[in-house]
1. Would you list, by chain and number, the lysines whose Cα falls below 17 Å from the Cα of Lys110, excluding same-chain residues fewer than 8 positions away?
2. So which of Lys34/Lys157; Lys34/Lys191; Lys31/Lys214 end up more than 24 Å apart, counting from Cα to Cα?
3. First obtain the Kirkwood hydrodynamic radius of the range 70-142 from its Cα pairs, then insert it into the Stokes-Einstein equation at 10 °C and 1.306 mPa s, and state the resulting D in µm² per second as a whole number.
Amino acid sequence: MRFVVYAWVCLAALASCAPLQYQTQIFRDKKYEKYYQAQKRANPRAAIIRYKPVEDDIKYYRYTLREGDEIEVRLLNVPAELRVEGVNLSGDKTYIVSADGYIILPLIGKIYVKGKTSDEVRKMVETELSVYYRDPFVDVVVKSMRIFLFTADMQRKIVLTSERMHLTEALAMGMGGGMAFMGGGLNRQVKVGKVKIIRGDPLDPQIIWVDMRKMEVMAEPDLMMRSGDIVYLENRNLPLFNAEAGTVFAAITAVNTLVSLYFLLRSLGIINFR
């Protein structure tokens, strides 16, 4: 009788853990997973697997401004005679791209920046300022570029400090930010041989799987982060099982205690079912 009860509890626990991986691993569509597994079987030593080819030359990729973006404009050599009350040309100032694609700058007024790179905006501002003084020097920085870093149990937003940030740098920033899952070490907790980048249209994304154990990934241009990229670090199966199956083992322990108590009381004659 006791064996039957134990067997039933163990089978129920195993059945509940069978779909564990797909329940807990986010961004794990079976369609893309099958593609990855097929490519990995065909070329086990591949450092990078791409779901579909890139749409443009990422080596020369530059971010283009969108409505709602935040940009910082620094006017670095404004003559003293232009630093007058009512014309704020000193220091750094942040501007938000309006819904119709404009920002409003002192002296210059409205300029259309939507769809332009930071370099294009810089040249536009310098051209407009050259009417007022010689050889203006302007720096334009996009402050709203960001990527999103996920594991099975955490998520973190990382602001891109440049348009040429490599995946390795982004991961280093994430770890430096105090990720809770890093307590046991990156290599122990996640599959470093299967770092996933999800990019572009969510309905038809470009997916790049990266084996971070291979040195050649450092030279890959399409591993430069794009604003909006999702980087997913898939948990290793054993830590994932341990974390998710804790409640199952607790239930088994509780049932074991109750069953043992029942047989003890029955052996003492305190309870008796005929």
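1. Lys93, Lys123
2. On the way: Lys34/Lys157 29 Å; Lys34/Lys191 17 Å; Lys31/Lys214 26 Å.
In this structure, Lys34/Lys157; Lys31/Lys214 lie more than 24 Å apart at Cα.
3. On the way: Rh = 12.5 Å.
Estimated diffusion coefficient is 128 µm²/s.
Bear in mind these aren't lab numbers, they're just calculated from the coordinates by the rules spelled out. The structure displayed is predicted, hence computed values, not measured ones.
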